[in-house]
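Below: one structure, written as structure tokens.
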Amino acid sequence: MAVLAALPGQGNADPLRVGFYENPPKIFRDEKGQPTGFWPEVTEAILTGLGYDFEYIDCEWETCLEMVRQGQLDLMPDVAFSEERAQQFQFINEALIYSWSTIVTSEKVEIASLQDFEGKRIAVLANSIQERDLSRVLREEGLKSKLIWTSSVQGAIDAILVGDADMAITNTFFAVKMAEQNSLRIPELPFQVNSYHYIVPTDAPHSFVQAMNLASYRQQMTFGSEFHSAEYEWISFHKAPLPGWLTTAALITASVLLLSGALIFILRRVVQARTSDLATTVEALSAEMDLRKKAEKFALETQKFDAIGRLVGGVAHDFNNLLSVIMGNLELLKDQKELDATSQKFTDQALLATKRGAKLTYDLLSFGRRAQLVPQVLRIDLVLGGIEEMLRRTLPENISVAFSYDPDLKAVLLDQGQLENAILNLVLNARDAMPGGGRLTLSVSNLSSDGTEGREPLVDQVVVSVTDTGIGIKEEALNKVFEPFFTTKEIDKGSGMGLAMVHGFVTQSGGQIRIHSIWEQGTTVELRFPVTSEELETVAGSDTSTELLGDEKILLVEDDEDVRHALSKRLSASGFNVTEASNGAAALELATSSTGFDLLVTDLTMPGSIQGVDWVRQARDTFGEVPIVVLTGYGSDALDGLSDLSRCLLLNKPISGPVLISKIRHLLED
């Protein structure tokens with residue numbers, strides 16, 4: 001510890017030895033071999049300000065830590081705090097970065113929850129905070145994975161690229177950059193938040209530790225400091241030149257500091273003021289720890305919602321099977337010609353109730369993120385007309401609501417459920433913006449290509465406008481309202497995801513979203529969607545009265561006896577020759593004994609060793625190019641692996657008989 005024993009300004013003071021390892025963009029060497037990144041910029045500012053000369057010592061991560069333990073390094077940046085490390089090193093209390101650990105996978109690997117870690121090969125920097133957190137998670141969750149230790153952060157990413165690992169866990173900033181450059185995937189699963197500090201050997205002088213604490217704190221608290229400049233350039237996920245005035249201010253500040261001189265005097269004053277400054281430091285650190293606790297709470301909530309989503313998906317699946325039985329038998333009953341008018345009316349009302357039940361399960365699947373997103377040709381005024389009453393019930397009595405629809409509105413191609421959710425999000429935001437009451441206006445109109453509204457030949461967009469008379473949004477926040485987790489509401493009053501979800505839906509649908517707000521006057525949000533040239537009669541899911549009969553041979557595979565019976569009767573009533581099988585194995589046996597089938601109608605989720613995507617693929621191999629209709633009550637996320645199969649159609653349960661026959665007829669004639 002001879003280096004730190006000498007104070008700055010003494011003639012025999014050796015340069016401080018600072019550990020240096022590659023972890024871009026936080027700390028790395030550029031093309032010319034010069035130290036660059038967040039930590040080198042901040043380190044130079046702090047040590048130079050304290051009057052120390054220093055030199056970088058290159059080392060691998062594990063080697064760097066060992067050199068600090070043995071006193072061969074005087075200072076090491078970018079070290080995540082843990083209780084175990086606190087027993088081996090002295091931590092500079094001031095954390096300069098708070099960062100997520102991030103999961104990175106190849107395009108072929110999907111990670112939706114921690115349970116998906118089971119059996120995976122996971123690359124991680126040896127002896128890093130990511131390794132510690134990963135080992136703890138695997139131990140607590142009872143998961144078995146193969147850890148692949150690397151000597152650098154880049155090595156963990158390289159292990160994925162060469163196929164040695166299925167996934168890696170590394171720091172957020174490096175992960176985002178490498179994912180963009182190498183077509184890698186970053187799952188939406190928060191992992192762990194850590195604070196990053198400087199460390200020094202356990203026998204480092206107390207005065208040096210205090211000086212580093214105060215210098216780190218002042219860097220963060222001083223406007224225009226080198227810390228803020230480095231944070232903006234390297235830690236933000238974009239690079240942009242500093243404003244001219246800020247550069248000028250920084251130069252003036254630096255000149256004043258250089259001209260002031262007397263660095264030893266400054267250091268003595270720092271030591272004298274340590275009591276009050278350290279108290280302030282503790283308060284700031286407590287605030288940062290509160291932020292960390294909130295981040296950990298968010299991660300826990302995410303895992304909880306994932307579990308709820310799985311539960312909701314299972315409930316919706318069973319409920320859809322029940323609705324399939326009810327709807328199938330009601331349709332068969334309705335086809336009986338001897339029914340009188342009253343019985344027909346009762347049957348129609350029961351069928352309408354089953355369709356409302358199907359809509360309820362669709363909403364449940366949407367909540368569990370397992371709903372099939374199906375764009376369809378629709379008119380927005382008709383969609384809003386169907387949910388007007390629900391929207392009115394959402395608003396308190398002190399808010400009046402008005403709906404305005406232009407006549408002859410053009411059709412658009414949208415997912416109806418997502419459109420309804422987007423409108424509901426905007427209505428709820430407007431409600432929260434008018435706690436004392438007000439007026440909400442929802443209007444839908446055609447928009448011509450020259451920007452004028454009305455029924456003109458050049459109409460190419462339909463615009464949905466939601467206007468409130470609430471408190472509005474301040475100008476400085478308008479550019480951030482579509483960012484995930486940004487909210488102007490009070491703590492625990494909003495997640496910050498509402499407008500982000502609306503923005504994602506609109507842009508994915510090929511539309512545009514605009515927002516205009518005046519503080520204390522109100523806000524208007526416009527959703528603009530392109531007009532479609534498809535005919536409105538092609539709306540997906542609409543019933544058809546056309547009799548589409550056939551005499552082809554159909555193999556029906558369904559494990560639920562009641563559902564299978566209802567489907568069989570429906571198909572037989574339309575003239576088809578139906579053969580039934582209760583599972584995939586029985587269906588394959590029929591394939592060898594039968595003369596052949598013209599079409600396969602199959603459930604996706606069945607008991608037995610052959611089910612799901614594997615069953616559909618095996619059926620295609622066995623039956624050849626026979627068209628396949630896949631029925632599911634569990635959503636479409638499992639069907640991503642079947643996108644390459646031709647003449648394979650997915651339909652959600654429950655499905656009405658006319659629509660099912662129409663889809664089958666179209667598939668057979670395709």
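Some points to look at:
- Residues of segment 319-365 that are among the β-branched types (Val, Ile, Thr) and at pLDDT 70 or above: Val325, Ile326, Thr342, Thr347, Thr354.
- Tally of residues being at pLDDT 70 or above, part of a loop (DSSP other than H, G, I, E, B) and touching a strand residue (DSSP E or B) at 6+ places or on another chain (Cβ under 6 Å) across segment 595-653: 6
- Wholly within segment 96-185, strands (runs of 3 or more DSSP E) carrying at least 1 residues that are closer than 30 Å to Leu214 by Cα: 97-105, 167-171
- Residue match in segment 500-507 (condition: out of contact with any Leu (no Cβ under 8 Å at 6 or more places or on another chain) and modelled with pLDDT of 75 or more): yes
- Taking the criterion of being assigned to a loop (DSSP other than H, G, I, E, B) and surrounded by fewer than 17 Cβ atoms within 10 Å (Cβ to Cβ), the residues of segment 549-577 that qualify are Leu549, Asp551, Glu552, Gly575.
- Flag if Gly511 is assigned by TED's automatic domain parsing to the domain that holds Ala411, modelled with pLDDT under 85 and within 22 Å of Leu382 (Cα to Cα): no
- Taken together, Asn171, Asn213 contain a single residue that is within 23 Å of Asp74 (Cα to Cα), in contact with a Ser or Thr (Cβ under 7 Å, 6 or more places away or on another chain) and polar (S, T, N, Q), which is Asn213.
- Breaking point among (1) surrounded by fewer than 22 Cβ atoms within 10 Å (Cβ to Cβ); (2) in a loop (DSSP other than H, G, I, E, B), for Ile57: (2)
- When segment 386-428 is filtered for residues that are of a type in the set (Gly, Ala, Ser) and out of contact with any Phe, Trp or Tyr (no Cβ under 8 Å at 6 or more places or on another chain), the ones remaining, listed by number, are Gly386, Ser400, Ala402, Ser404, Ala411.
- For segment 441-466, the set of residues classified as crowded, with 19+ Cβ neighbours inside 10 Å, modelled with pLDDT of 75 or more and either touching a His at 6+ places or on another chain (Cβ under 7 Å) or not small (Gly, Ala, Ser) (or both) consists of Leu442, Val444, Asn446, Leu447, Gln461, Val462, Val463, Val464, Val466, listed by residue number.
- Selected residue (only one of Glu41, Glu94 is crowded, with 17+ Cβ neighbours inside 10 Å, modelled with pLDDT under 90 and under 26 Å from Glu226 (Cα atoms)): Glu94
For (1) assigned to a loop (DSSP other than H, G, I, E, B); (2) at pLDDT below 90; (3) under 21 Å from Ser99 (Cβ atoms), each residue gets a yes or a no:
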{"residue": "Leu7", "(1), (2), (3)": "yes, yes, no"}
{"residue": "Lys32", "(1), (2), (3)": "yes, no, no"}
{"residue": "Ala45", "(1), (2), (3)": "no, no, yes"}
{"residue": "Thr48", "(1), (2), (3)": "no, no, no"}
{"residue": "Glu62", "(1), (2), (3)": "no, yes, yes"}
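- Condition check for Ala112 on (1) hydrophobic (A, V, I, L, M, F, W, C); (2) surrounded by 17 or more Cβ atoms within 10 Å (Cβ to Cβ); (3) at pLDDT below 90: one failure, at (2).
- Residues (surrounded by fewer than 22 Cβ atoms within 10 Å (Cβ to Cβ) and either in contact with a Ser or Thr (Cβ under 6 Å, 6 or more places away or on another chain) or among the β-branched types (Val, Ile, Thr) (or both)) located in segment 139-152: Ile148
The values are calculated or read from the model by the stated rules, or taken from the named source; none is laboratory data. Owing to the predicted nature of the structure, the values given are computational and were not obtained by experimental measurement. Here Cβ is always computed from backbone atoms with ideal geometry, including for glycine, and neighbour counts include all displayed protein chains.
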